[in-house]
Amino acid sequence: MRRIMPAMAIAATAAVLAACGSSGGGTGGSSAAASPSASATTAACSPAGLAARHELVTPGVLTVGTDSPAYPPWFVGNNPANGKGYESGVAYAVAKELGFSPSQVTWIREPFSNSYAPGPKKFDFDINEISFSPERATAVTFSNSYYAVEQALVALKGTPIVTKHSPSDLKGYVYGDQVGTTSLAFINTAIQPTTRPKVFQTVNDAKQALQTHQIDALVADTPTAQFISSDQIKGSVVVGRFPSSGEHFGMVFAKGNPLVACVNQALDKMKADGTLDQLTQKWLKIYTSIPVLQP
């Protein structure tokens, strides 16, 4: 990112921010800035308007990044372009609000840890269960929240942690998770086990470690934990979910990309008209019977 923007670029950025509303700072709040008119907002955030200001990686196309493999229930069939799964559905709903047809949406593969690393981006935004954090926000810009996160605990049936999981009990187990994830950070900061958790390069490595009894449990967001238990690791169970700490997923943009204002406006509309709720009910089966744990 250039430290100093040319005067014309500054003017263009100011114009789109005025038209599209506040970026919200990635906190999940609604935009509070008034726009000149609905038609001006639509024009500013349209494919033509975004292309005219050179805010798209490819003019006329919305380029969306995510990791590979792309796991259910966020994506289905490891094919983000099929519109199936919660995050695929959210991405296409945002595209529709901006005026892009499905054929104008292009997906690229971007490793999870690269998505929020400093530097130029090959995508307009990345959607990949990326939790907002102040540290990550120093390198990239986050959209407002599109999903509020609860972490959950996955273990093998019949192991001690399934029945003995008081706050003091939880500290005595061996955990493992993918490097750089907020689930790993949750283990360290909330559970605070006496044994340092094992760190793996991928989620698959962590799941393999659970299956081979190298770790007692892993932590994942609740929908992912449910999918792991029901479809991926035979004989595993979701021990419980932890109270929300305010963690949320946001789409990731190159630092300072004004496109975030248009996306935040789209998310605000999707929250207001029930689109996000409909996608949640369709793709994320959160069972209230899962007990709540205290770390």
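What is the projected area of the convex hull of the Cα atoms of the stretch 136-247, averaged over all directions, in nm²? Kindly include the intermediate steps, with their values, before the conclusion.
On the way: hull surface 29.1 nm².
Across all orientations, the stretch 136-247 yields a mean hull projection of 7.3 nm².
Where both residues lie in the chain, what percent of DSSP beta bridges are antiparallel, nearest 5? Provide the component values of the computation, followed by the final result.
Working: 18 of 30 bridges.
That works out to approximately 60 percent antiparallel.
Quote the FRET efficiency, to the nearest 0.05, computed for Gln214 versus Ala81 with a Förster distance R0 of 41 Å and r equal to the Cβ-Cβ distance.
The pair Gln214/Ala81 has a calculated efficiency of 0.70.
Full extension from Ser133 to Ala52: what is 0.36 nm times the residue separation minus their Cα-Cα distance, to one decimal in nm? Could the numbers behind the result be given before it?
On the way: separation 81, 0.36 × 81 = 29.16 nm, distance 3.17 nm.
The span from Ser133 to Ala52 would gain 26.0 nm if fully extended.
Please compute the Cα-Cα pair-distance distribution of the chain with 10 Å bins starting at 0, giving whole percents from short to long.
6, 28, 33, 20, 10, 3, 0
How about Lys157: which aspartates and glutamates have a C-alpha closer than 18 Å to its C-alpha, ignoring those fewer than 8 places off in the same chain?
Asp169, Asp216, Asp231
Where the Cα atoms of the stretch 53-161 are projected onto their three principal axes, how long is each span, largest first, in whole Å?
Projected onto the principal axes, the Cα atoms of the stretch 53-161 cover 58, 32, 22 Å.
What nm distance separates the two modelled labels at Thr194 and Asp277, each placed 7 Å from Cα along Cα→Cβ?
Result: 4.7 nm between the two label points.
Which value in deg cm²/dmol, rounded to the nearest 500, describes the helix-derived mean residue ellipticity at 222 nm for the chain, given -39,500 (n - 2.57) per DSSP H run of n ≥ 4 and division by the residue count?
Working: 11 runs with 91 residues, N = 295.
Calculated from helices alone, the mean residue ellipticity at 222 nm is -8500 deg cm²/dmol.
A short reminder: the numbers here are calculations on the coordinates, not readings from a lab. Quantities reported herein were computed from a predicted structural model and do not represent experimental measurements. Reconstructed Cβ throughout: ideal geometry from the backbone, glycine too, with neighbour counts over all protein chains shown.
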